[in-house]
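**Q** Sharing a structure with you now.
The values are calculated or read from the model by the stated rules, or taken from the named source; none is laboratory data. Fair warning: this is a prediction, and the values are worked out from it, not measured in the lab. Here Cβ is always computed from backbone atoms with ideal geometry, including for glycine, and neighbour counts include all displayed protein chains.
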Amino acid sequence: MPDVETICVQCKETFLFTEKEQEIFYQRNMMPPQRCPRCRSKKAAASEDAPKRYEIVCDNCGKHDQVPFQPKVGRSVFCRECHEASRSRARFA
């Protein structure tokens, strides 16, 4: 299956429906996407049942980010990159 260029029904921009994505959609018996990844994520975030996101400032690098849980006072909170880095270090320790 070659990559397919598709036009987003929402923003009218052309986006690539990659071979890997096509395989995943086929395995899950899903219809091909009609919206580009950006419009899909906007639609998902606007849905009623979308999980609430909380603004944080990473305790490691100071970057602003969002997390899907309410941070607890006195507990460290990390951005996605710092969290992934700490997890990979823990695996090899």
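**Q** Taking the range 42-63 on its own, how many of its residues are under 30 Å from residue 8 (Cα atoms) and either surrounded by fewer than 12 Cβ atoms within 10 Å (Cβ to Cβ) or among the small types (Gly, Ala, Ser) (or both)? Before the answer, list the steps.
**A** So the first thing to find is which residues in the range 42-63 are under 30 Å from residue 8 (Cα atoms), and the list is 42-55.
From what's left, either surrounded by fewer than 12 Cβ atoms within 10 Å (Cβ to Cβ) or among the small types (Gly, Ala, Ser) (or both): 44-52, 55.
Counting residues in the range 42-63 that are under 30 Å from residue 8 (Cα atoms) and either surrounded by fewer than 12 Cβ atoms within 10 Å (Cβ to Cβ) or among the small types (Gly, Ala, Ser) (or both) gives 10.
**Q** Could you say whether any residue in the range 57-77 is assigned to a strand (DSSP E or B) and more than 17 Å from the chain's Cα centre (by Cα)?
**A** Residues of the range 57-77 assigned to a strand (DSSP E or B): 57, 64-67.
Pick out the ones that are also more than 17 Å from the chain's Cα centre (by Cα) and you get 57.
Yes.
**Q** Within the range 34-41, identify whether any single residue is under 27 Å from residue 84 (Cβ atoms), loosely packed, with under 12 Cβ neighbours inside 10 Å and either touching a Phe, Trp or Tyr at 6+ places or on another chain (Cβ under 6 Å) or modelled with pLDDT under 90 (or both), and answer yes or no.
**A** yes
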